[in-house]
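Peer 1: The structure is given below, and queries will be raised subsequently.
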Amino acid sequence: MGDPTARAAPSRRFPPGPQSAARARRFVRAALAEAVPGAAPDLLDTAELLTGELVTNAVLHARTEVVVSAALADGGRARVVVVDGRPDRALVPQGHPPYAGAGQGLVLVARLASRHGVESGSDTKAVWFELGPGEPSGPRAWEPPAPPAGARETVVLVDVPGALYAASQQHRHVVLRELGLAAAAGNGLVPAAELVTAHDAGNMISACVAAALRDGTAEGEIRSLALAVPPDAAGAVRTLARVLDAAEAAAREERLLALPALPRGRAFHRWLFGEITGQLSGAHPTAWTVVPREPGDGPAELAPWDPGHVRTSRVPTVAADEQNRIIAVNGPAADLLGWRADDLAGQRLTAIMPEHLRERHRTAFASLLLSGTPRILGRSVPLPALHRDGRLVPVRLFLQTQETADGRTVFVAQLSPRASALGPAPPHTGRRPAGREPDAAREPASVRDPASAGGPAPAREPDAARGAGAGPAAPAADRAGEQRGATVLPALEGLSLLARTGAEIGNAPDLDDGLRRVGRLLTERLAEWCAVDLFAEDAGVERACVVRRGSGEPCAQEFQGRLPPPTEAARGPLARALSGAGPLLLTGPPQADPTSPLDADYRDLFERMGAASAVVAPLRARREVIGALTVARGRRERPFTEADLRLVDDVCRALALGVDNARLYQETR
């Protein structure tokens, strides 16, 4: 590589200190004003800005003397070159969002320069850009050089949530940059040698993850990454962990401008550093999704924040940003508080709080941001909410945090009416929450009543669906049936069921035991019996678990095992759920297509287990259907209705996430 400063261009050397950025900007402006007579002020302004970014990067990450040159290049463009003495420190464009506090330097150069690039030699690295007339002729994205050759060890990170990684990476860069600037000003909070090592370790991790994301084929938000890490990196990573711990303590004491990390960010960094150091010492990978965490350390939903999830949730939900402003409200929450959802969006959270609690909320919210210490994250707390008409609404608040895809934090609050837990829910009015309708509600009657599948819908439900004596003239005692399932589960009980479902399968030692635990839970609270069917590795279907209330154990010998393969002739509800349809409401035994063994097997299950009504729904994980859940009730219980579909769909989401995590964990082991 030729020396980029060999051209007849004015150049100047600057020491590795923060004051060098301002001095380099002034030098470049003066040099270009002389080299480009009549240069437009905006060209000089842009050159100053980009020079400051590149010199700052060199000071923070290379920590060597910097040589800056500025001259007129071919084509009448102004050319600026920043040279440091660390060719081994490759550029790692971060791609942070515009409001992030770090990682913008290379992004600005790529967006504003006509041409830009990086060249590494044996002793130096030169980063350059050109500004001038004409269309950009160079690449619009950075192409960092290949990492230095040398021995590498593979560290596998299982179940990395992209949004949480982005947020943690941004915070790490901001804290390390502030520590570096403080040290340069003589106010070092950690030993200088440890800070240097921490900077290098942080850059190494970012470069390894960037390379894994660039070279990998994994899709989706939750993915596994294979990092090529130097075999001697464990000590540097431990130093990075100690430096960040010291920085967190300083941030909580308000000795830094940066805010401390929230609990989930701290837990993620502990896991990330522990995986690197542990695997370099011979330990096996442990998935992030199976690591035990304290309340507030992790969300039930690992996908990035999506306002659509709020709108379609059946639980009253309000979401707010880091500025304490409401950014999403669903229909049930708006109805509970007497507002229109659109009217609440954009207001402060205090708009739905009683006046005597507002100051406490402001103090607690500020304390969370300033100290990173949660008080109610991940916990269920009884509080009154403020109705629009001024009355108080007793609710139970469950607050969690989620990250957006670009690294911001969103606070998601579920409001369960406490009164609903003390008595039956109000009669179903037919009104559905805002968002998509259940699939069964959009299907024709012949599908909602699979007993008539393949033919015209009957004028009334079959007797098997209503149950003996369940007609309008039946005695009151018979119409009432058993109390279990007599009403739609209250919101708080539904939220508890979802939380218990995730906990039961997540805390089980293996997948089979987890499915048995979930089966016992569902038959205690929701159904008389349930069945879980899962796709196997060869695309076949296996009945993994069938549990009946009171039996305590699954019906292994009778019903579990390999099922007939789905065929094009299969049109029954199970085949449709395995194809992604549902949740589907069944008001009687499903009709079997004589040419479909899978349909016949499913009908046989209903006849032998006994079911007057049921719901079958797909289990989805990482945008794929991995199986189906069936919950069924006998004729002496209240039949399932469309009002139950949303709850079953939510249960399926929690169950599918647990099944997918358990399978990934087993594969890793």
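Peer 1: Could you tell me how many of the residues in segment 25-51 are more than 18 Å from Ala73 (Cβ to Cβ) and among the hydrophobic types (A, V, I, L, M, F, W, C)?
Peer 2: Number of matching residues: 1.
Peer 1: Restricted to segment 82-131, and to residues that are of a type in the set (D, E, K, R) and assigned to a loop (DSSP other than H, G, I, E, B), which residue is modelled with the highest pLDDT?
Peer 2: First, pick out the residues of segment 82-131 that are of a type in the set (D, E, K, R): 84, 86, 88-89, 111, 115, 119, 123, 125, 130.
Next, only the ones that are assigned to a loop (DSSP other than H, G, I, E, B) stay: 86, 88-89, 123.
Working: Arg86: 84, Asp88: 77, Arg89: 75, Asp123: 87.
Among them, the one singled out is Asp123.
Okay, residues lined up against (1) modelled with pLDDT of 80 or more; (2) under 24 Å from Gln666 (Cα atoms); (3) buried (at least 23 other Cβ atoms within 10 Å of the Cβ):
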{"position": "Leu498", "(1), (2), (3)": "yes, yes, no"}
{"position": "Glu537", "(1), (2), (3)": "no, yes, no"}
{"position": "Val541", "(1), (2), (3)": "yes, yes, no"}
{"position": "Ser551", "(1), (2), (3)": "no, no, no"}
{"position": "Glu568", "(1), (2), (3)": "no, no, no"}
{"position": "Leu574", "(1), (2), (3)": "yes, no, yes"}
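Peer 1: So Thr595 passes all but one of these: (1) surrounded by fewer than 19 Cβ atoms within 10 Å (Cβ to Cβ); (2) in contact with a strand residue (DSSP E or B) (Cβ under 7 Å, 6 or more places away or on another chain). Which condition number does it fail?
Peer 2: (2)
Peer 1: For Gly150, all conditions in the list (1) surrounded by 17 or more Cβ atoms within 10 Å (Cβ to Cβ); (2) modelled with pLDDT of 60 or more hold save one; what is the number of the exception?
Peer 2: All conditions pass for Gly150, except number (1).
Peer 1: From the list Arg391, Arg379, Arg362, which residue is assigned by TED's automatic domain parsing to the domain that holds Thr312, surrounded by fewer than 17 Cβ atoms within 10 Å (Cβ to Cβ), basic (Lys, Arg) and modelled with pLDDT of 85 or more?
Peer 2: Exactly one residue qualifies, and that residue is Arg391.
Peer 1: Give me the pairs: first residue in segment 338-353 and under 15 Å from Phe411 (Cβ atoms) and not assigned by TED's automatic domain parsing to the domain that holds Leu397, second residue part of a helix (DSSP H, G or I) and not hydroxyl-bearing (Ser, Thr, Tyr), beta-carbon distance under 6 Å, and six or more apart or on different chains, which are they?
Peer 2: none
Peer 1: If I ask for residues that are within 15 Å of Ala246 (Cα to Cα) and of a type in the set (Ser, Thr, Tyr), which ones from segment 167-218 would you list?
Peer 2: Residue satisfying the conditions is Thr197 alone.
Peer 1: Still on this structure, please answer the following. What about Asp593, is it farther than 18 Å from Leu629 by Cβ, under 30 Å from the mean Cα position of the chain (by Cα) and modelled with pLDDT under 90? Don't jump to the end; show me each part of the working.
Peer 2: Working: farther than 18 Å from Leu629 by Cβ: yes; under 30 Å from the mean Cα position of the chain (by Cα): no; modelled with pLDDT under 90: yes.
Considered against the rule, which asks whether it is farther than 18 Å from Leu629 by Cβ, under 30 Å from the mean Cα position of the chain (by Cα) and modelled with pLDDT under 90, Asp593 comes out as no.
Peer 1: When the residues of segment 246-274 are narrowed to those that are part of a helix (DSSP H, G or I) and small (Gly, Ala, Ser), which ends up surrounded by the fewest Cβ atoms within 10 Å (Cβ to Cβ)? Write out each step before concluding.
Peer 2: As a first pass, look at segment 246-274 and keep what is part of a helix (DSSP H, G or I): 246-252, 263-274.
From what is left, the residues that are small (Gly, Ala, Ser) are 246-247, 249-251, 265, 267, 274.
Values: Ala246: 18, Ala247: 27, Ala249: 13, Ala250: 19, Ala251: 21, Gly265: 24, Ala267: 21, Gly274: 16.
Going through the qualifying residues, I end up with Ala249.
Peer 1: Separate question: Kindly establish whether Arg622 is over 19 Å from Thr523 (Cα atoms), surrounded by fewer than 19 Cβ atoms within 10 Å (Cβ to Cβ) and not small (Gly, Ala, Ser). Break it down into steps so the answer makes sense when it comes.
Peer 2: Numbers: over 19 Å from Thr523 (Cα atoms): yes; surrounded by fewer than 19 Cβ atoms within 10 Å (Cβ to Cβ): yes; not small (Gly, Ala, Ser): yes.
So Arg622 fits the description; yes.
Peer 1: Condition (residue is within 24 Å of Ser281 (Cα to Cα) and assigned to a helix (DSSP H, G or I)) applied to segment 174-190: is it met by at least one residue? First the steps, then the outcome.
Peer 2: The first filter runs over segment 174-190 and keeps only residues within 24 Å of Ser281 (Cα to Cα), leaving none.
Looking for residues that are within 24 Å of Ser281 (Cα to Cα) and assigned to a helix (DSSP H, G or I), one finds none in segment 174-190, hence no.
Peer 1: Among what's in segment 603-643 and is assigned to a loop (DSSP other than H, G, I, E, B) and of a type in the set (A, V, I, L, M, F, W, C), pick the residue that is nearest to Leu655 (Cα to Cα).
Peer 2: Step one: filter segment 603-643 for residues assigned to a loop (DSSP other than H, G, I, E, B), giving 610-612, 622-623, 634-641.
When the remaining residues are screened for being of a type in the set (A, V, I, L, M, F, W, C), the result is 611-612, 640.
On the way: Ala611: 22, Ala612: 24, Phe640: 20 Å.
By that ranking, first place goes to Phe640.
Peer 1: If you don't mind, there's one more thing I want to ask. So Ala211 fits all but one of (1) surrounded by fewer than 19 Cβ atoms within 10 Å (Cβ to Cβ); (2) at pLDDT below 85; what number is the exception?
Peer 2: If we test Ala211 against (1) surrounded by fewer than 19 Cβ atoms within 10 Å (Cβ to Cβ); (2) at pLDDT below 85, just (1) comes out false.
Peer 1: Within the set of pairs 6+ apart or on separate chains, which have a first residue in segment 194-205 that is assigned by TED's automatic domain parsing to the domain that holds Ala228, a second that is buried (at least 19 other Cβ atoms within 10 Å of the Cβ) and hydroxyl-bearing (Ser, Thr, Tyr), and C-beta atoms under 7 Å apart?
Peer 2: Between residues of segment 194-205 that are assigned by TED's automatic domain parsing to the domain that holds Ala228 and residues that are buried (at least 19 other Cβ atoms within 10 Å of the Cβ) and hydroxyl-bearing (Ser, Thr, Tyr), the close pairs are Glu194/Thr239; Thr197/Thr239; Ala198/Thr239; Ala201/Thr239.
Peer 1: Taking the conditions exactly as written (at pLDDT 90 or above, of a type outside the set (D, E, K, R) and within 19 Å of Ser613 (Cα to Cα)), does Ala527 satisfy them or not? Working first, answer last.
Peer 2: Values: at pLDDT 90 or above: yes; of a type outside the set (D, E, K, R): yes; within 19 Å of Ser613 (Cα to Cα): yes.
Yes.
Peer 1: Also, I was wondering about something else. Determine whether segment 153-164 contains at least one residue that is outside the structural domain of Arg408 (by TED's automatic domain parsing), surrounded by 20 or more Cβ atoms within 10 Å (Cβ to Cβ) and on the phi > 0 side of the Ramachandran plot.
Peer 2: yes
Peer 1: Exactly one condition in (1) touching a helix residue (DSSP H, G or I) at 6+ places or on another chain (Cβ under 9 Å); (2) touching a residue at least 40 places away in the same chain (Cβ under 8 Å); (3) assigned to a helix (DSSP H, G or I) is false for Pro231; which is it?
Peer 2: (3)
Peer 1: Shifting gears a bit: Can we say Glu642 is under 20 Å from Gly494 (Cα atoms), surrounded by fewer than 19 Cβ atoms within 10 Å (Cβ to Cβ) and either outside the structural domain of Thr286 (by TED's automatic domain parsing) or touching a strand residue (DSSP E or B) at 6+ places or on another chain (Cβ under 7 Å) (or both)?
Peer 2: Values: under 20 Å from Gly494 (Cα atoms): yes; surrounded by fewer than 19 Cβ atoms within 10 Å (Cβ to Cβ): yes; either outside the structural domain of Thr286 (by TED's automatic domain parsing) or touching a strand residue (DSSP E or B) at 6+ places or on another chain (Cβ under 7 Å) (or both): yes.
The answer is yes for Glu642.
The values are calculated or read from the model by the stated rules, or taken from the named source; none is laboratory data. The model shown is predicted, which means the values in this text are computed figures rather than measured ones. Note that we place each Cβ from the backbone using ideal geometry, even for glycine, and neighbour counts take in every protein chain shown.
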